[in-house]
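Note sheet for the following structure.
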4 protein chains.
Amino acid sequence: MKRDVYLILREFIQNELRICEDLLLSGDYAALFKALDKLRAEARKSGLWNFTLPAEYEGHGLSYAEFAPLSEILGWSPLGHYVCNVQAPDIGNMELLLHHGTDEQQHRWLAPLASGEIRSCFAMTEPENAGSNPTLMGTKAELKNGKWIINGRKWFTTGADGAGVVIVMAVTDPDAPKHCRASMFIVSADNPGFRIIRNIPVMGDAGSGWLSHGEVEFVNCTVDESAIIGKPGDGFVLAQERLGPGRIHHGMRWIGIAERALSMTCKRALIRKISPNTVLADNDAFQSKVAESRADIEAVRALMLSTASFLDSGSMKSGRSRISLIKFLASDMLMKVLDFAIQTHGALGVTDDTILSFFYRHERGARIYDGPDEVHMMVVAREELKKYRS
Amino acid sequence: MKRDVYLILREFIQNELRICEDLLLSGDYAALFKALDKLRAEARKSGLWNFTLPAEYEGHGLSYAEFAPLSEILGWSPLGHYVCNVQAPDIGNMELLLHHGTDEQQHRWLAPLASGEIRSCFAMTEPENAGSNPTLMGTKAELKNGKWIINGRKWFTTGADGAGVVIVMAVTDPDAPKHCRASMFIVSADNPGFRIIRNIPVMGDAGSGWLSHGEVEFVNCTVDESAIIGKPGDGFVLAQERLGPGRIHHGMRWIGIAERALSMTCKRALIRKISPNTVLADNDAFQSKVAESRADIEAVRALMLSTASFLDSGSMKSGRSRISLIKFLASDMLMKVLDFAIQTHGALGVTDDTILSFFYRHERGARIYDGPDEVHMMVVAREELKKYRS
Amino acid sequence: MKRDVYLILREFIQNELRICEDLLLSGDYAALFKALDKLRAEARKSGLWNFTLPAEYEGHGLSYAEFAPLSEILGWSPLGHYVCNVQAPDIGNMELLLHHGTDEQQHRWLAPLASGEIRSCFAMTEPENAGSNPTLMGTKAELKNGKWIINGRKWFTTGADGAGVVIVMAVTDPDAPKHCRASMFIVSADNPGFRIIRNIPVMGDAGSGWLSHGEVEFVNCTVDESAIIGKPGDGFVLAQERLGPGRIHHGMRWIGIAERALSMTCKRALIRKISPNTVLADNDAFQSKVAESRADIEAVRALMLSTASFLDSGSMKSGRSRISLIKFLASDMLMKVLDFAIQTHGALGVTDDTILSFFYRHERGARIYDGPDEVHMMVVAREELKKYRS
Amino acid sequence: MKRDVYLILREFIQNELRICEDLLLSGDYAALFKALDKLRAEARKSGLWNFTLPAEYEGHGLSYAEFAPLSEILGWSPLGHYVCNVQAPDIGNMELLLHHGTDEQQHRWLAPLASGEIRSCFAMTEPENAGSNPTLMGTKAELKNGKWIINGRKWFTTGADGAGVVIVMAVTDPDAPKHCRASMFIVSADNPGFRIIRNIPVMGDAGSGWLSHGEVEFVNCTVDESAIIGKPGDGFVLAQERLGPGRIHHGMRWIGIAERALSMTCKRALIRKISPNTVLADNDAFQSKVAESRADIEAVRALMLSTASFLDSGSMKSGRSRISLIKFLASDMLMKVLDFAIQTHGALGVTDDTILSFFYRHERGARIYDGPDEVHMMVVAREELKKYRS
């Protein structure tokens, strides 16, 4: 992968994807996904595909640090990652299968995911329980006669609608030590014990397909013993491993969103008259917020890149508190930059005539998904205090 | 009006309106307005109607200070004010016609508005021009052969969809001193020169009827000379008079929203387990945000009530900077309390399973409508600096 | 007391006290207190004295709400309250003796305090224990042979240096319910068991006399049984009663400081050139901070006045959470306004050429004294959550 | 320079310097400087000296990126840099003479500065003029008969008291383009035209020697033509070159202060009981502020290091906006972390029993010196907006 991939992607995002974004904003999902399918095919043909997977899966084997700037540029559009098949939750699921799947699992599920034939989802969060605490999970899986029987309800299962396969987290040993209670299973979406209850209306929009968050149910959902990923009890460790880099991916994507919002902000301010002879960009109070936005973005990017390198060096475990740190810093930055962009656009900012309102609504979850910021702050604080405990 | 009106309204909001809110959240506007019509009829019959208008218009002649606590309690629901016929923009339009309308204008328009037969809208903001600066208005009205001919485009004309009458602001003398250039006109919605271009999609939702914001157009829209409110050039002064109390009404409504959000926050935190033995409400960091929310609300309410009394004493003009002050303080408070409520609700907070996401989306405009906060801050600052200018 | 007292005080503060402030800033305490003694004599003669005490103690019997605006204007100078004999801790001690002292205690101590002959101090906070938790107090008093024997160490005993009398809080029954463990005693400063260890250097300055904070020690300090205020175990209740209004007094004083700082800020900005043709006051970013400061001050004042009236109505107990609320709101406001004033003054702001640096240093304690803000936030939060506990 | 220099310095700071800090806090400057002289001699002998100067000046030729971590660790103490002869303003003056001094200037002034024989000061800021705007400088130098005659007043000339040499900035051509008006001159401190008016009392303390800020005056101060640094009109460019890296040095020092403050905060919280069974460190609200502090520090350090490398690559000019960005981010971080540390220490935090109050007072200037944050924000904003100007 060369430097010009960055430029190609930038071009791609700024030109091709704008039309799709209009369809997104108008809510015409059928037309949108049709258009996206075409772009995905093009992207795949051009090798703009599966950046982090190895060549055998049509990828480029990029490290986190190498993928980071691409993820940022893809983040300029809500559709960027999807077009290159590096969208959550599929990218995380593919990496999981790559590193921990059996040959059979890889053959059956990783291959069609990597080719873009099917999509996947990841069922972890539960409506009734705080997701950040693994001891509070209600979904159970019991081994009976060589079969795992899964029961429970999940929600915010992104992209469940239309997915071919589900990875689900369930408690397999409630009496084990806290972090060894859960396991992960692969469930085919056509398993009769699996059901999508609804696409959850989120911020006024239930979405569709990949652009939806499902509430799903497992009722005596029966799978073979071989459907487990790793060993029983590995669930929490695998989830951590999956989520850590995921937070970097999200973070870089958020920087992309913030950069786009800030660029829209500046452009708007340069033409928005506030008096016959001055534009908004001349206003010092406006300028000081531009400076804050720029500073916040730069700080998050610097930390994000150094953490990506850190993860690449194999220090996932000791990097946990670093990832927590940038998670809350990045989501906070995103919210502030978006809010400033909307404010700068005035009445236009709350309409769907720009992409800002979409980001404002659908990224509000940034401070909640993948562990609420408050939980990540506790992780950082405890790590800090530990230094001084005797 | 007695103290128990407060309790009756509270009851009303908490019971009757909840069903309507479900229809609102599901986007079934037809069913919603049908249900609301019934409630409006009930409210009217019970005298919970037109609180600020005089008895001849079925009202109670409440002062701003008397209406303030009612407006707060109505604000608990996005539908509260509508049910009692005190919703924006109608309440403002009715007060305007009451104080400045001719007998004929009152007969033709105020009467059916007060009875709830028709609705009105107020066309002031323009897509291409900063609304906060009266010298930047593009809509013009010319007097030709005893007729005013209006041309221009407006947006965020709340409730244009289905309104029977439009009050529109237009420049009538571009060469007059800055604040004497514009005038206000009453236009029947069936005037062939008036057209609704679209209900603007706002935060993912174009809404319907009273719950919509129109983009509208005046093309050679011709009205009689008598369609003017007040005298030519009065537009700006009338607008100020209309918007000042309007900001108090909004502010009290925002306090209602904030109180509801905070109560949801506390209730949720008291049942949300964060570990087997503790709930979120036990968390000190959560508590410190509860304290901040309570403090912010109390501060805004104290100022709001004292400003309402001030306006009641007839000091509209000298109260301008006070109103600006609480406008930005109140909208900022609202955003913070809502954001905290959503964060506390976790994933649930971004869904449409609670009212929070509706408020989050549709009140984001609070910091923009009726003059962006930044402009109100300038008003306050200039007033402050004036004290020390020699 | 009439409206013009306000004007007289204002004049007094702005003219007479400025010379004293110069002495204060230069650290010449001997000259300062000499000059202040003269002013105190004048103030006493003019009846600008003991505003909240009854006429028999040369006062005016003002309620909290009546005293509040005077306290604000006195607060413009760090020396204002002292000149009128309404400075902490003496005002609190005098009110305590007035309401809870025996005839003998009033005769011996209240009379000379009211006449300004002697000063007093209040020994409550301890170096080793969190003052906000009454169960963590280390100072003990034991009753032996009809004498109380007090042992313990206190600090931040304001004005201990030169005080004639000490009111000290000590645990008398460690096994009683939490809030009934402590009692208050009056100790003559010449008691051989009482010793001032040092005037604590605070923010680079150990001060002197009333303008100092003592670290003091009680070693087998023996007093008569009659030295107790109220009954054994009353200490905590008396302290609450003393501190509640005290926080209102502080709060109004802080508003005075903030008003002075903001006025200095505006004046400076109007003359400070930032380019050949513009002054700092023309800068929009500066203006938006002026607006914030004004808004913060107005919000705190509105709440402070309504709480003062509330306390006047005799609702001390139910007012506790209100007082906590304005305490943290007010101290936060003060810090922000002071910080902005210093920033606006640039390099001059950190020098002792203005009063700002004095306030910045000596009011930093505002968020700590009388209970750290964090503790007051918990009080407010618990009150709020209680509404929803079943 | 090896990794262990870092450890040696750390040891040095934490052990040797503590005694000196006690002298500093007690204000015994005579004893302090005597003790420091001894430590300086030791440091010089051990090669902990002049890190950024070349070997011929007893230095190590460290790049900015190499020096940065050392500057951080030295920053743990207000005296750290001074002991190693890398204190401002001397380090900046020495680098200036190194890169732009003539042989004679280097021989006469750089040599004794590098050996620590004499100290220097830098006279730029003026009491009457905003320092950030070079067009507003009042000090003038005129060339008459082969001599420069300097007239003007400066302040915040750090370390003027006892300095052997002064570098002064003066306007030499008021009609030149804005950035070519001023020049820099070297003035021996015993020049009869140079006078120290006073050590300015800053935050209650006028300091002494290197630890002071002078107000100084040039009255017909006459120097040879050779006293100019560079060419006439170079002043502004030289100042920029001097201040850019200076801001990195300051920034790393501020990180050192913040790290020390945060470590004190954590240690204190781990032993401070807030109830019989819990310490402050158990409090979630406290923890969330620890997390914020850690995040702020990491963000600033990541940016600081990347900017140091950028400067090392020779990109001073294009790095200007980056330096501005971290300047305001870093000083803001410092203030927040210090404030939190003081708040955590409660009453102890405002005393001089810890170093915190010293930092709180003497680093408040961080947001003002070297250009107020507001000016740096404008630099960043203009750079950002420039991208979109056509």
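Every read-out reported here was derived from the displayed coordinates using simple, explicitly stated rules and does not represent laboratory data. Computed from a predicted structure; not experimentally measured. Positions of Cβ are generated from backbone atoms using ideal geometry, with glycine treated the same way; all protein chains shown enter the neighbour counts.
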Legend entry - Distance between the range D:32-62 and the range B:345-365 - C-alpha centres, whole angstrom: 61
Legend entry - Cβ-vector label at 7 Å, C:Thr222, separations to other copies in nm: 8.1, 9.0, 10.9
Legend entry - Cut-off under 5 Å, modelled amide H: who pairs with D:Ala189 long-range: D:Val165, D:Val166
Inset, instruction - Identify the GluC sites (Glu not before Pro) of the range B:81-178 meeting these criteria: DSSP loop state and at most 14 other C-beta atoms within 10 Å of the C-beta. - result: B:Glu117, B:Glu128
Legend entry - Separation in nanometres of the label points that stand 7 Å from Cα toward Cβ, at D:Lys267 and D:Ala55: 3.9
Legend entry - Per-copy distances of the D:Thr102 label point, shortest first, in nm (7 angstrom along Cα→Cβ): 8.6, 8.9, 8.9
Inset, instruction - Please identify every one of the trypsin sites (Lys or Arg not before Pro) in the range B:1-108 that sits in a loop by DSSP and has no more than 15 other beta carbons within 10 Å of its own beta carbon. - result: B:Lys2
Legend entry - Chain B, closest residue to the rotation axis toward A, by beta-carbon, whole angstrom: B:Gly204, 2
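Count neighbours as other Cβ atoms within 10 Å of each site's Cβ, and list the trypsin sites (Lys or Arg not before Pro) in the range B:288-390 that are DSSP loop with at most 16 such neighbours. Let's see the in-between values first.
Numbers: sites: B:Lys289, B:Arg294, B:Arg301, B:Lys317, B:Arg320, B:Arg322, B:Lys327, B:Lys336, B:Arg361, B:Arg364, B:Arg367, B:Arg382, B:Lys386, B:Lys387, B:Arg389; in loops: B:Lys317, B:Lys387, B:Arg389.
Listed in order of number, the matching sites are B:Lys317, B:Lys387, B:Arg389.
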Legend entry - Rounded to whole Hz, the Karplus (6.51, -1.76, 1.60) HN-Hα couplings of the range D:114-124, x for glycine and proline: 5, 7, x, 5, 10, 10, 10, 9, 10, 9, 10
Legend entry - Overall form of the range C:230-332 per C-alpha gyration tensor (a/c, 1.5; a/b vs b/c): prolate
Legend entry - Note, ³J(HN,Hα) from phi for the range C:98-105, Karplus 6.51, -1.76, 1.60, rounded to Hz, x at Gly and Pro: 4, 8, 10, x, 6, 3, 4, 4
Inset, instruction - Classify the range A:185-248 as rounded, prolate or oblate, taking a ≥ b ≥ c as the square roots of the eigenvalues of its Cα gyration tensor: rounded when a/c is under 1.5, otherwise prolate if a/b is larger than b/c and oblate if not. - result: oblate
Inset, instruction - Rounded, prolate or oblate: pick one for the protein assembly as shown, where a ≥ b ≥ c are the square roots of the eigenvalues of its C-alpha gyration tensor, a/c under 1.5 means rounded, and failing that, prolate if a/b is larger than b/c, else oblate. - result: rounded
Legend entry - Sequence-distant residues sharing a close amide H with A:Ile197 (under 5 Å, placed H): A:Glu215, A:Val216, A:Glu217
Inset, instruction - Set the Förster radius R0 to 22 Å, insert the Cβ-Cβ distance between B:Gln14 and A:Glu128 as r into 1/(1 + (r/R0)^6), and round the FRET efficiency to 0.05. - result: 0.30
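Is there a pair in A:Lys267/D:Lys387; C:Lys154/D:Lys267; B:Lys178/B:Lys231; B:Lys386/C:Lys289; A:Lys140/A:Lys231; A:Lys289/B:Lys327 whose C-alpha atoms are over 18 Å apart, and which pairs would that be?
C:Lys154/D:Lys267; A:Lys289/B:Lys327
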Inset, instruction - Could you check the simple spin-label distance between B:Leu136 and B:Lys387, using points 7 Å along Cα→Cβ, in nm with one decimal? - result: 3.0
Legend entry - Using distinct alpha-carbon pairs, which all enter the 1/r mean, Kirkwood radius of the range B:1-145 in Å: 16.9
Legend entry - Helix-derived mean residue ellipticity, 222 nm - over the protein assembly as shown, DSSP H n ≥ 4, -39500 (n - 2.57), to 500: -16000 deg cm²/dmol
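Assigning unit charges at the beta carbon (Lys, Arg +1; Asp, Glu -1) and nothing else, what dipole magnitude in debye, to the nearest 20, does the range B:236-386 show about its Cα centre? List each step's numbers first, then the result.
Numbers: 21 positive and 18 negative charges, 38 e Å.
The dipole magnitude comes to about 180 debye.
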Inset, instruction - In whole angstrom, note down how far apart the Cα centers of the range D:144-159 and the range B:69-112 are. - result: 71
Inset, instruction - Along Cα-to-Cβ, 7 Å out, sits the label point; list in nm, shortest first, how far the one on B:Gly47 is from those in the other copies. - result: 5.0, 8.2, 9.5
Inset, instruction - List the residues whose amide H sits under 5 Å from the amide H of D:Ile229, counting only those 5 or more places along or on another chain, with H placed 1.01 Å from N in the peptide plane. - result: D:Met184, D:Phe185, D:Ile186
